[in-house]
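Trainee: Got a structure for you, written out below as C-alpha cells; questions coming shortly.
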Amino acid sequence: YLLLDTSASMDYASDGITKFDYGCILTASLAYLILQQQDAAGLVTFSNRIESFIPPRAKRGYLMEIVHILEQGRPSGETAVGNILQEIAGKMNRRGLVILISDLLDAPEEILKGLRLFRFKGNDVIVFHLLDAAELDLPFDGNILFEDIEEPNLRVTADPQAIRQVYRKVVEEFIEKMRKECRENSIDYQLLSTSTPLD
C-alpha cells in the first residue's frame, strides 16, 4: 500500500513545488517501480478521513488508475495521520509493504501507534517524511505574519530571527524522535526536503 497524506498542510511551498505535488510524483514513481516488478500496488489518499482507496493489484494498466486518482486529488482537510494509520491497519488482512508519504504534522505518539500496528501485523513499513526547505530552516527575515493552512483564523506575527534557533531545535528534536522510534520498531525512515531532486 502507498499511503499519501492529502491534508491541507501538504499544500505548502515556500519556493517551487508543494509537498503535495512532490508526494504525488514520489507516489507515482514508487507505484511504477512496484508494478514493474509485477508486485501488487494499492493507494490510499487521506486527510482527516480516507479520500480514495485503490486495493492492491498487479494488473497491467493499473498505474494509470493510480495516476488518475493522484491527478484528481487536491490537498484539503485537517491532519489526522495517526488516526487514519490506525484505521487502515485495522482493516488490512494481508501482509505486504506499507509506504507512508506525509509531512507527519500530527501528534507523534498517534502516528507511531499506527506505524507499530502495521509492524505488529507483519508488514514492512517505510516512512517518507516530506518537509519544505523553509519548514526545516525558517529562512525568513523581518516581521512575518504566519498563518495556519488548516485553520486560517490562527495567525501569529513573529520575527523569524528571534525564534529561529528555538524553532530549528524543536524541528530537529521532532525529526530525531521520529527517526529513533522508527528505527527501534524496524521501520525505514527517510527525511525528504522538497528542494531535493526526486531522482
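Trainee: How much net charge surrounds S193 when only the other residues with a Cβ under 13 Å from the Cβ of S193 are counted, with Lys and Arg +1 and Asp and Glu -1?
Mentor: -4
Trainee: Calculate, for I50 and R94, the FRET efficiency according to 1/(1 + (r/R0)^6) with r their C-beta to C-beta distance and R0 22 Å; round to the nearest 0.05.
Mentor: 0.80
Trainee: With +1 on each Lys and Arg Cβ and -1 on each Asp and Glu Cβ, how big is the dipole of the chain about its Cα centre, in debye rounded to the nearest 20?
Mentor: Once rounded to the nearest 20, the dipole reads 1100 debye.
Trainee: Given just the C-alpha atoms of the stretch 80-130, how large is their convex hull per residue in cubic angstrom?
Mentor: Each residue corresponds to 57 Å³ of Cα convex hull volume.
Trainee: Right, something else. Do you know the relative contact order of the chain, to the nearest whole percent, from alpha carbon pairs under 8 angstrom that are 6+ apart?
Mentor: 22 percent.
Trainee: If you don't mind, another one. Under a 5 Å amide H to amide H cut-off, with H placed in plane at 1.01 Å, what residues pair with D132 once short-range neighbours are removed?
Mentor: It is T194, by chain and number.
Trainee: Distance from the Cα centre of the stretch 89-120 to that of the stretch 1-74, in angstrom?
Mentor: 16
Trainee: Right, here's the next one. Which percent of the accessible heavy-atom area of the chain goes to carbon and sulfur, probe 1.4 angstrom?
Mentor: Here it works out to 50 percent.
Trainee: Let me ask another. What does the charge add up to near S14, with Lys and Arg as +1, Asp and Glu as -1, over the other residues with Cβ less than 11 Å from its Cβ?
Mentor: Residues close to S14 contribute a combined charge of -3.
Trainee: Another question about this same structure. Taking the chain as a Gaussian network, Cα atoms linked when under 10 Å apart, which of G122, G90, G142 shows the biggest mean-square fluctuation?
Mentor: With Cα springs under 10 Å in the chain, the top fluctuation among G122, G90, G142 is at G142.
Trainee: Ok, one more. At 0.36 nm per residue, and after removing the present C-alpha to C-alpha distance, how many nm does the segment from E147 to R168 gain when stretched out fully?
Mentor: So the chain would gain 5.7 nm between E147 and R168.
Trainee: Let me ask something else about it. When only alpha-carbon atoms are used, what values of Rg and Dmax, in angstrom, describe the stretch 64-174?
Mentor: Every Cα atom of the stretch 64-174 included, Rg and Dmax give 17.4, 52 Å.
The values are calculated or read from the model by the stated rules, or taken from the named source; none is laboratory data. For clarity, every value in this text was computed on a predicted model and none was experimentally measured. Using ideal geometry, Cβ is built from the backbone for each residue, glycine included, and neighbour counts are taken over all protein chains shown. Ligands, DNA and RNA are stripped out before the accessible areas are found, and what is left, the full protein with its side chains, is counted by its heavy atoms. Shrake-Rupley method; radii C 1.70, N 1.55, O 1.52, S 1.80 Å.
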